[in-house]
Amino acid sequence: MGGGDTWIRKDGRSWLQKVACDVVKMGRIPNHVAFIMDGNRRFAKRLHIDRAQGHLMGFDKLTETLEWCSDLGITEVTVYAFSIENFKRSKEEVDCLMELARQKFGVLLSEREKLHQHGVCVRIIGNLHMLPLDIQEIANEIMEMTSENNRAFLNVCMAYTAREEIAHSVKELATLAVNGDIRLDEIDEKALSSHLYTRMSSDPDLLIRTSGEIRLSDFLLWQASHSILSFVEVLWPDFSLWHLLACILYYQHQISYRTADEI
Ligand code: FPP
């Protein structure tokens with residue numbers, strides 16, 4: 001089902017889906033879920049449609065997933081929308097993904113009322129200077145517009161890799177040290193975390209990657225060190241509420257083994 005031009009859908013669910021959600025909600029729901037939305041191009045190839053269409057369907061799946069997360073009481077979602085590595089793809093594909101971001105961020109700006117109504121704070125996370133200037137501007141406008149909202153958080157990682165983020169944080173701390181603004185003994189895990197792009201966010205409780213690849217591809221390496229990881233065989237545009245519920249059940253099962261001293 002196409003979501004139309006919106007990030008905030010209200011498609012509703014069937015009675016069976018509602019019952020299943022209610023059952024899963026009897027257990028602990030993760031506060032923060034991160035997604036590696038992998039498999040758009042393989043999906044496009046399978047359907048004999050262009051890559052651009054595959055990415056557009058990937059965006060539609062993102063909006064559907066946000067609605068499910070909201071219904072389940074997940075308060076923070078982080079998605080890997082474009083990695084620094086993705087700049088190495090063909091110019092045609094990079095341009096297509098930038099155009100998709102340009103259009104969809106524009107839609108997000110126009111949904112100001114709905115974002116405020118739902119209390120959604122949106123953060124675009126990454127080395128934003130690597131993005132075209134107009135996208136940087138629109139990203140900053142979105143962040144400013146929603147910065148006071150605090151009921152739900154959506155983090156969209158663009159021009160992001162975890163190694164670049166960690167290197168950036170170390171560089172900021174080194175600059176502070178050289179200028180005498182921080183002592184060497186003050187540089188610890190907490191200081192490093194507080195200079196990451198994600199410094200305003202909690203660490204993800206659950207990280208989901210679609211498409212059957214079992215790796216993190218430089219996503220949230222620092223933040224996900226204690227997250228439950230769930231790798232799903234399905235391509236991202238085929239991801240369904242049932243897959244999400246299965247991931248949450250897996251999360252509930254995994255955390256039930258954790259002893260009080262484990263994080
Ligand atoms: C990975 O699949 C997906 C991407 C690199 C892009 C993800 C982007 C979206 C889902 C759209 C989000 C858009 C906005 C504006 C937030 P892939 O292209 O690597 O596919 P493959 O693994 O089959 O090659």
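FYI, it's all coordinate maths here, none of it is from the lab. Everything quoted here is computed from the prediction, not taken from an experiment. Here the Cβ positions follow ideal geometry from the backbone for every residue, glycine too, while neighbour counts run over all protein chains shown.
Considering only DSSP beta bridges whose two residues both sit in the chain, what percent are antiparallel, to the nearest 5? Can you show the working numbers first?
Working: 0 of 26 bridges.
Beta bridges within the chain, antiparallel portion: roughly 0 percent.
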* Assigned charges on the beta-carbon of Lys, Arg, Asp, Glu; the chain dipole about Cα centre (debye) -> 720
* Asked: Cα gyration tensor of the range 15-73, axes a ≥ b ≥ c as square roots of the eigenvalues: rounded (a/c below 1.5), prolate (a/b > b/c) or oblate?
  -> prolate
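Arrange the peptides 8-21, 154-167 so that the one whose residues have, on average, the most other Cβ atoms within 10 Å appears first. Write down the numbers at each step before the final one.
Numbers: 8-21: 12.5, 154-167: 21.4.
Put in order of decreasing packing, that is 154-167, 8-21.
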* To do: Choose one of 49, 94, 106: the residue whose Cα lies farthest towards the positive end of the charge dipole of the chain (beta-carbon charges +1 Lys, Arg; -1 Asp, Glu; about the Cα centre).
  => 49
* Order by neighbour count: 71, 188, 5, fewest other Cβ atoms within 10 Å first, most last. => 188, 5, 71
* Asked: What is the range 145-263 by shape, rounded, prolate or oblate, if you read a ≥ b ≥ c off the alpha carbon gyration tensor as root eigenvalues and call it rounded for a/c under 1.5, prolate for a/b larger than b/c, and oblate otherwise?
  -> prolate
* Structure fact -> Any trypsin sites (Lys or Arg not before Pro) in the range 76-140 that lie in a DSSP loop and have at most 12 other Cβ atoms within 10 Å would be none
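What's the exposure ranking of 6, 175, 146, going from fewest to most Cβ atoms within 10 Å? Mind showing how you got there, number by number?
Values: 6 15, 175 12, 146 22.
Result, fewest neighbours first: 175, 6, 146.
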* Of 29, 15, 204, which is farthest along the charge dipole of the chain in the positive direction, counting Lys and Arg as +1 and Asp and Glu as -1 at C-beta? -> 15
* Structure fact -> Env charge @ residue 116, Cβ radius under 15 Å, K,R +1 / D,E -1, value -2
* If we count other beta carbons within 10 Å of each Cβ, what is the order of 59, 43, fewest first? -> 59, 43
* To do: Would you grab the residues whose amide H sits under 5 Å from the one on residue 211? Only those 5+ places off in sequence or on another chain, please, with H modelled 1.01 Å from N.
  => 232, 234, 235, 236
